[in-house]
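Everything below concerns the one structure shown next.
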Amino acid sequence: MSELPEADRQGDLPAPRETSELIGQEKAEAAFLDAYMSGRMHHAWLLTGPKGVGKATLAYRMARFVLKYGDPETAKAMGVSSLQMDEADPTFRQIAGLGHMDLLLLRRPADEKTKKLKTVIPVEEVRRTAGFFGKSAGGGGWRVAIVDSADEMNANAANALLKVLEEPPAKSLFILISHQPGRLLPTIRSRCRKLPLTPLAPEAIDRILAQHAPDLAPEQAALVAALSEGSAGRALSIAAAGGIELYTQMMTVLASLPRLDIKALHAFADMAARRGQDDKFDMALELLGDWAARLVRTLSQGPDSTTLPREGELAARIGQSGGLDRWVEVWEKIGAMAARANALNTDRKLVILNAFSLIEAASRGLTVRA
């Protein structure tokens, strides 16, 4: 593994390009395979859906397939009926190591000096397409560019990509991954075939947890699955980053509302903000933001079968005191605080305490300030 962080790698888990199996997205995969085998391939595909549902994994499956077989007739002659490829296949190994000459990956780069990821995909990254598409392709003639994720391009990068999409080179394939397609330029969206991926079914999450987190007790796996809301990446992140303990402690603090238990709050903040454990801090803020989002959903739509019991009881007790608009404001501000914490060198414990201060104020019907 590189010393520099990779924007598309989650902890110690395999990166999407190293993953051979895709669970629960058979419909999306079949749509691409049908387009390819019928000769109706669009030059640009926009893979959309929540984070962690398999968009990047599908992108690499698409790239491997095109780069290995080259044309529909070759794939048909070899009896291919899916995008599945053995991990020992040379194409798989080359792409897993980012060593395939006909694949270009555009993602947030890491700063060589700070060893940290940049916050955006800069225009310099997208300009690499000029040299990439200007060279001769390999045996199959295809060249594939994956953008992971397109949401992270800055304005100049987005405009540079648009120019390439407007006049695509022959036998070029662009695969754009987007968690929030509404943030993309309409002109970029209009030049892509949209391929939506949906949240995974509970049984798919169960299979993934059984494979990658087999030590979880059944009740722990059930909690992780519920918190993941259909995202395999989210489920694995929660399991790997101590999310079960964080969530349990977080709910203990929230249960003391409308006046927080200060001792319990500081114990949670100390655990979440411990030096050298970035993943726990990030997970704590994500769990808190997700709780606020579910509270807003419960207040606006009512509880449903996915509402966690402790959260449902808490919503019934504190929801009306804040009012829907105030809780929406809390949710948005927690998200903004998390973004600032990742961008700036802030006091992490103070960030946690401030987030809970917002929640306490709303639960008491006071003005929310941040």
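The values are calculated or read from the model by the stated rules, or taken from the named source; none is laboratory data. Please read all numbers here as calculations on a predicted model, not as lab measurements. Please note: Cβ atoms are built from the backbone with ideal geometry, for glycine as well, and neighbour counts cover all protein chains shown. With ligands, DNA and RNA removed, areas are computed over all heavy atoms of the protein, side chains included. Shrake-Rupley method; radii C 1.70, N 1.55, O 1.52, S 1.80 Å.
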The relative contact order of the chain, taking Cα pairs under 8 Å that sit 6 or more residues apart, comes to a percentage of 17
The aspartates and glutamates whose Cα lies under 13 Å from the Cα of Lys118, excluding any fewer than 8 residues away in the same chain, are Glu6, Asp8, Glu152
Cα extents of the chain along the principal axes, largest first, in whole Å, come to 67, 41, 38
With only helices counted (DSSP H, runs n ≥ 4, each -39500 (n - 2.57)), the per-residue ellipticity at 222 nm for the chain, to the nearest 500, works out to -16500 deg cm²/dmol
Checking Leu58, Leu324, Leu209 against a Gaussian network model of the chain (alpha-carbon springs below 10 Å), the top fluctuating residue turns out to be Leu324
Correct semi-axes for segment 189-230, from √(5λ) of the alpha-carbon gyration tensor and rounded to whole Å with the largest first, are 30, 10, 7
With a 1.4 angstrom probe the carbon and sulfur portion of accessible area for the chain, in percent, totals 51
The ratio Rg/Rh over the Cα atoms of segment 290-370, Rh being the Kirkwood inverse mean 1/r radius, stands at 1.00
In this structure, among Lys51/Lys113; Lys51/Lys349; Lys55/Lys194; Lys115/Lys349; Lys55/Lys116, pairs with alpha-carbon gaps over 19 Å are Lys51/Lys113; Lys51/Lys349; Lys115/Lys349; Lys55/Lys116
The helix 218-228 Cα axis meets the longest alpha-carbon principal axis of the chain at an angle in degrees, between 0 and 90 and rounded to 10, of 80
The ³J(HN,Hα) series, computed from each phi in segment 127-137 with the Karplus coefficients 6.51, -1.76 and 1.60 at θ = phi - 60°, rounded to the nearest Hz and given as x for glycine or proline, is 5, 5, 4, 4, x, 5, 7, x, 8, 6, 7
Treating only Lys and Arg (+1) and Asp and Glu (-1) as charged, each at its beta carbon, one finds that the chain has a dipole about its Cα centre, in Debye to the nearest 20, of 1020
Compactness summary of segment 89-129: radius of gyration and Dmax from Cα atoms, Å, are 12.7, 36
Looking only at aspartates and glutamates whose Cα falls under 17 Å of Lys280's and that sit 8 or more positions away or on another chain, we get Asp12, Glu245, Asp270, Asp290, Asp347
Rounded to the nearest 10, the angle in degrees between the Cα long axis of helix 155-166 and the longest principal axis of the Cα atoms of the chain comes to 30
With the charge dipole of the chain built from beta-carbon charges (+1 for Lys and Arg, -1 for Asp and Glu) about the Cα centre, the Cα from Trp331, Gln220, Leu246 projecting farthest to the positive end belongs to Trp331
Result for the chain: accessible area per residue, probe 1.4 angstrom, in square angstrom, of 48
In vacuo Debye sum over C-alpha of segment 1-148, base-10 log of normalised intensity I(q)/I(0) at q = 0.13 Å⁻¹, listed in q order, is -0.62
